[in-house]
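What follows is one structure encoded as structure tokens, with my remarks underneath.
The values are calculated or read from the model by the stated rules, or taken from the named source; none is laboratory data. What you see is a predicted model, and the numbers here were worked out from it, not measured in a lab. Counting neighbours? That spans all protein chains shown, and the Cβs are built from the backbone with ideal geometry, glycine included. Only protein heavy atoms, including side chains, enter the accessible area calculation; ligands, DNA and RNA are left aside. Shrake-Rupley method; radii C 1.70, N 1.55, O 1.52, S 1.80 Å.
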Amino acid sequence: MTTDITDQSFINSLIEKERRAQASGGRWLMVPIIALTIAYLTPFYYLFVTIFKTTEEYATSGVLQLPQSLAPLVDNVVQAWTLANLGSAAINSLTYAGIGSALAVAFAAAAAYGMTRLNLLGANGWFMLIFTGTLFPFQMYLVPLLFGYQRLGLVNSWLGMLLIYVAICIPFPLLVLRNSFSGITREVDEAARIEGASEWRVFISMIIPNATGPLIALFLLQFTFIWNDLLFSSILANGIEVRSIMVALQSLQGTYSTTGPNVVITATLISSIPTVLMFVVLRKYFMAGLQLGNK
Amino acid sequence: MSLTKTLTGLALTTLLAAGGVQAQELKLYSDKAEWHPGIEAVTDAAGEAAGVTINVQDLTPTDKYQAFMQTSIASNNVPAFFTWWNGNQLSDLVATGVAADLSPYWDQAIADGDYSAAQRELVSVDGKPYGVLLNVANWVVFYNTKAFADAGIDAPPTTWEEFIAACDKLKAAGYTPINAPTSGGWMPFIWFSQLVLGTNPDDFVGLTDGSVPYDGPTVQNAFKVWGEMYDKGYFTDPREQDDQKFFVDKSAAMFLIGDWHSGTFAAAGMEPGVDFKTFLMPPVSPDAEQSVIVEASPIVVSAQAMSANADLGKAVQSMMGEAASTALGTEIQVYNGNLKAAAPNATIEANKKMVAEANPRALVRWWEAVPSQIQGDLVAAMGAFMFNPTPDQAQKSMSDMQAINADYWANL
Amino acid sequence: MASSASHMLSPDVIKVARSRERRAAWQQTRVAWLFIAPAVIMVTVFLLTPVVFNVILSFTKWRKFTGLDQFAGMANYQRLFAVPYFSEALGNTALWVVGAIVFPLAFGLGLALLLRNIPFQETFKSLYFLPKVMAPTAVGAIWYYVYAPHGVINSAVSGLTGSDFDFGWIFVPETVTLSIIFTFVWQTVGITMVLLLLGLAAMPRDPLEAARVDGASQWQIFRHIIWPLLLPTVLVVTILNVAAGFTTFDLLWVMASSYPGKRTLSLAVYMYYESFSNGAWAYGSAVAVVLGGMVITVSAALAIIQSRVEKSIR
């Protein structure tokens, strides 16, 4: 027996119940919740007061004190930008993440199509082959990759970074898309095929439009992964022209650093803007993306 | 199936083409990012002389740079030029065959009076030179002249007792006596090696060839003295990552380091010879002879690049000339030992004189002398002690170091 | 079915039909190859080949200045326990795995239950989720200063107590791992909470209502109704966090950048340090193989448990 959750009286009774719960227990519950949330957000508070301080002010005033003026932010941004070449690093990472995740999701979609929609001999074997790519920790790729890249002249190259990012971002989307493509009814593409459409047309105009939700969510997930990556880029592309934003950020924070915490913290903010912005704007897809792995 | 082949072929062609484009460029790799302007001035002139462009590529920190260069060597893909170290580091490198023999250029430079035969030995393995000198530095104690005056220290210490007395006076005057950073994955060896060589210079040498253990009496004594100095509050907070911070903000009075660092103090607003001067670190034990560490950093030329382009010889000659030395001096106040060129600042000039007069035993830095495979592990054990300078940690550091050391020499 | 058909058709016809069928299937397969080729090639070349090489490498003597051609047998694996660092790293990794399972789940569940029925729930959810969108490198850089000598925590405690509080946090061996795990929890508690909230939202209301009517206590409701129904979500969260606990690297590398014992902070860091700072590539590869073996074993065990639980529910 299930309750009809669209039934208006049921909803009303629920709302009433919630309201009563909030009126009795909810109000006093808000006190610890807000206290906890404030404590939880302290690092962000620290971030926002620090980006408005000069290095000298940071050293002399308490770290949690409010800044004297908002003006130092400009200089902090300029310093972070020039000291670490954040600009070119951001462009590198944008292209790695944008092109890399688009290609990876496209390749995964094509493979998922081939595995679910076509009469592929040994489809399961092929799937397992690619799925194996999700089993190993990244640490098992690193040493051979670096030496392979050295041999091929791919170390410190834009193309080299793109290739590994594409490869690493294929298996998970394939896993998800294989499931979601299986869920699309076969009638659509069978009809198109009978009318003589090529497999490519069926894929592009029948299957892709039916899976935009997961495709966007997967793109966002992989974009965030590539943007946030430090491990691969720190090993394969240290050069200033090709390095990723996270390597640039780490170079500011790293050793011998004479850079003030105010500049480093400003750089962490700058390097977080794209993913945070995407999260705010495309929250729905992000949250959908979270559930993808579970099904 | 043919399509798969075509695709693979295509992918490979793209890869190889990308690799090919890269190889066109000559590069100089360096872990000395803070010297970038000086190195660039040298390579620009050298490139012009040889008719090529040489781009300077910095890679820090040092341990990562070394590992990266190792991978380049192992895959036979070394850059045309790269900065390196002398001592064991250089002989290990030469054994791989990637370094070009620079004998003709050194012969010429010695004939021209740019360098001496003794300087050639600094970068030679089995009598053949494999590097251009980028930096020749004496390791001395820098001191803040105002701090010494404030503490009532009239003359720099010449014995260990005087040194300790100076530390106490500085402490009393409100200074932290010694700036002792742990940055860069290498700096913890500074005081370790100073206290070992101050106790027994022969054992210091023996440490690096496996004949003296890292938990023997000399090292035990070094750690004991080191721990006492920490107990008395002589050293700065090891957590600070800016290696010169406490010296240039004048809260710490002394800094034991190679005199290539004088340029960065100057850049931070301290005038060499006025705001800071130097002295030779006296030995800990009165029986030990006075010694000094001489550091020499070479630029190595890839043998492959050299044989591919004979004109690179002109670049090497340019790097060894007086103009290159002057450029290094003016840009970054680093001295590469060229005899015709003037020392870049008063401190380096004074050190040259001081060393010539005292005539101490010259030692290769521990960093260059120790087998490169265990260098990092050993430094980490020293760093662990600096963060936690207790007798227990000293014992643990020593036994860890000896375990690594014994394992290395046993499995050679 | 096939046998009844063969009674009616001559063997030749069957052969022709079968071969036609096979040819058609073959045709489709060839088209399908085009579709799967990019993914297969990329994954094989850039992921699977390196794994194979990694295993091979772990049996060589390859390190700084020595050739790849020297076979070392099990030497690298024997060395793991001969030097003091591997066991330390292993111990810390175990701490990480346990910490990554227990803390995000405990706090995430607490938060989910707290935030379930309050106003502005969406805002709170987003606030707690925000750190997850940031890169571990950025989070690590911020938390480095939170734990720094005159950082956020030390200053806050000094301010509150009026003393000059200066604790080492990420600079002393006793607290470094726990401090970084705490940062990890700070970053992951939000996503754990959101996943658990989704699990709670999907929960059928009937049993809950029935239990309430029957006068069950909050604890009884949680223990006997919510928890069993939430178990699949809990397992998913656990699988994600276990993998993270084994392999977290960025956070450790950034936060412990000036801690001399950083290489022993976890196997992931130890592997990176030995390979890319120390140049002991073959040995680093052996560490990676051990790490891989553990991750795969534990993940497989969890996956089996997960499928059992799901079967028992459905």
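In the set C:I313, C:I296, only one residue is surrounded by fewer than 23 Cβ atoms within 10 Å (Cβ to Cβ) and either at the interface with another protein chain (Cβ under 9 Å from one of its Cβ atoms) or among the polar types (S, T, N, Q) (or both); that residue is C:I296. Of the set (1) within 12 Å of chain B (Cβ to nearest Cβ); (2) assigned to a helix (DSSP H, G or I); (3) in contact (Cβ under 8 Å) with a residue 12 or more places away in the chain, all apply to A:A104 but (1). Checking C:Q70 against (1) within 30 Å of A:I245 (Cα to Cα); (2) not assigned by TED's automatic domain parsing to the domain that holds C:Y270, only one condition comes out false. Which one? Of the numbered conditions (1) within 30 Å of A:I245 (Cα to Cα); (2) not assigned by TED's automatic domain parsing to the domain that holds C:Y270, the odd one out for C:Q70 is (1). Checked against (1) buried (at least 22 other Cβ atoms within 10 Å of the Cβ); (2) more than 13 Å from chain B (Cβ to nearest Cβ); (3) under 30 Å from C:G284 (Cα atoms), A:T134 meets all criteria but (1). Residue pairs, Cβ under 7 Å, 6 or more apart or interchain, first in the range A:263-274 and closer than 9 Å to A:L252 by Cβ and more than 7 Å from chain C (Cβ to nearest Cβ), second open to solvent by less than 10 Å² (accessible area, probe 1.4 Å) and part of a helix (DSSP H, G or I). List them. Final answer for the pair search is A:V263/A:N76; A:V263/A:A80; A:V263/A:L252; A:A267/A:A80; A:A267/A:L86; A:A267/A:L249; A:A267/A:L252. Among the residues of the range B:322-336, at least one is assigned by TED's automatic domain parsing to the domain that holds B:Q108, in a loop (DSSP other than H, G, I, E, B), open to solvent by less than 10 Å² (accessible area, probe 1.4 Å) and touching a helix residue (DSSP H, G or I) at 6+ places or on another chain (Cβ under 8 Å). Scanning the range C:28-47 for residues that are open to solvent by less than 20 Å² (accessible area, probe 1.4 Å) and more than 7 Å from chain A (Cβ to nearest Cβ) gives a single hit, C:A37.
You will find that of C:V234, C:V254, the residue that is assigned by TED's automatic domain parsing to the domain that holds C:I305 and within 12 Å of C:G140 (Cβ to Cβ) is C:V254 and no other. Every residue in the range A:39-73 that is among the charged types (D, E, K, R) and open to solvent by 20 Å² or more (accessible area, probe 1.4 Å), please. The one that is among the charged types (D, E, K, R) and open to solvent by 20 Å² or more (accessible area, probe 1.4 Å): A:E56. Within the range B:107-160, the set of residues being in the same structural domain as B:H36 (by TED's automatic domain parsing), aliphatic (A, V, I, L, M), surrounded by fewer than 22 Cβ atoms within 10 Å (Cβ to Cβ) and touching a helix residue (DSSP H, G or I) at 6+ places or on another chain (Cβ under 8 Å) comprises B:I110, B:A117, B:V125.
Rundown of residues vs (1) at pLDDT below 95; (2) of a type in the set (S, T, Y); (3) open to solvent by less than 10 Å² (accessible area, probe 1.4 Å), yes/no style:
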position	(1), (2), (3)
B:W260	yes, no, no
B:T278	no, yes, no
B:P286	yes, no, no
B:S297	yes, yes, yes
B:V301	no, no, yes
B:M306	yes, no, no
B:D311	yes, no, no
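For first residues located in the range C:138-164 and in contact (Cβ under 8 Å) with a residue 40 or more places away in the chain and within 11 Å of chain A (Cβ to nearest Cβ), partners that are open to solvent by 20 Å² or more (accessible area, probe 1.4 Å) and assigned to a helix (DSSP H, G or I) and lie 6+ apart or on another chain with Cβ distances below 6 Å form the pairs C:Y147/C:W169. Within the range A:45-102, being among the charged types (D, E, K, R) and closer than 17 Å to C:I142 by Cα holds for one residue alone: A:K53.
Go through the range B:99-177 and tell me which helices (runs of 4 or more DSSP H), entirely inside it, have 1 or more residues that are of a type in the set (V, I, T).
On the way: elements: B:103-112, B:117-122, B:145-150, B:160-172.
Of the helices (runs of 4 or more DSSP H) lying wholly inside the range B:99-177, those with at least 1 residues that are of a type in the set (V, I, T) span B:103-112, B:145-150, B:160-172.
Yes/no per residue for (1) closer than 29 Å to B:G210 by Cβ; (2) touching a Pro at 6+ places or on another chain (Cβ under 7 Å):
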position: B:A324; (1), (2): no, no
position: B:K340; (1), (2): no, no
position: B:N345; (1), (2): no, yes
position: B:N359; (1), (2): no, no
position: B:V364; (1), (2): yes, no
position: B:M382; (1), (2): yes, yes
position: B:M386; (1), (2): yes, yes
position: B:I404; (1), (2): yes, no
position: B:Y408; (1), (2): yes, yes
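Within the range B:48-73, the set of residues being among the small types (G, A, S) and either within 14 Å of chain C (Cβ to nearest Cβ) or assigned to a loop (DSSP other than H, G, I, E, B) (or both) comprises B:G51, B:A67, B:S72. Summed over the range B:362-383, residues that are more than 14 Å from the chain's Cα centre (by Cα) and more than 14 Å from chain C (Cβ to nearest Cβ) total 1.
Within the range C:48-73, the set of residues being more than 7 Å from every other protein chain (Cβ to nearest Cβ) and at pLDDT 90 or above comprises C:T49, C:V52, C:V55, C:I56, C:S58, C:F59.
When every residue of the range B:179-187 is checked against the conditions, none turns out to be modelled with pLDDT of 95 or more and among the aromatic types (F, W, Y). Close contacts from the range B:196-219, counting a first residue that is free of Cβ contacts under 8 Å to residues at least 40 places away in the same chain and a second that is of a type in the set (A, V, I, L, M, F, W, C) and in a loop (DSSP other than H, G, I, E, B), with Cβ to Cβ under 7 Å and a gap of 6+ residues or different chains, come to B:D203/B:V212; B:G206/B:V212; B:T218/B:V212.
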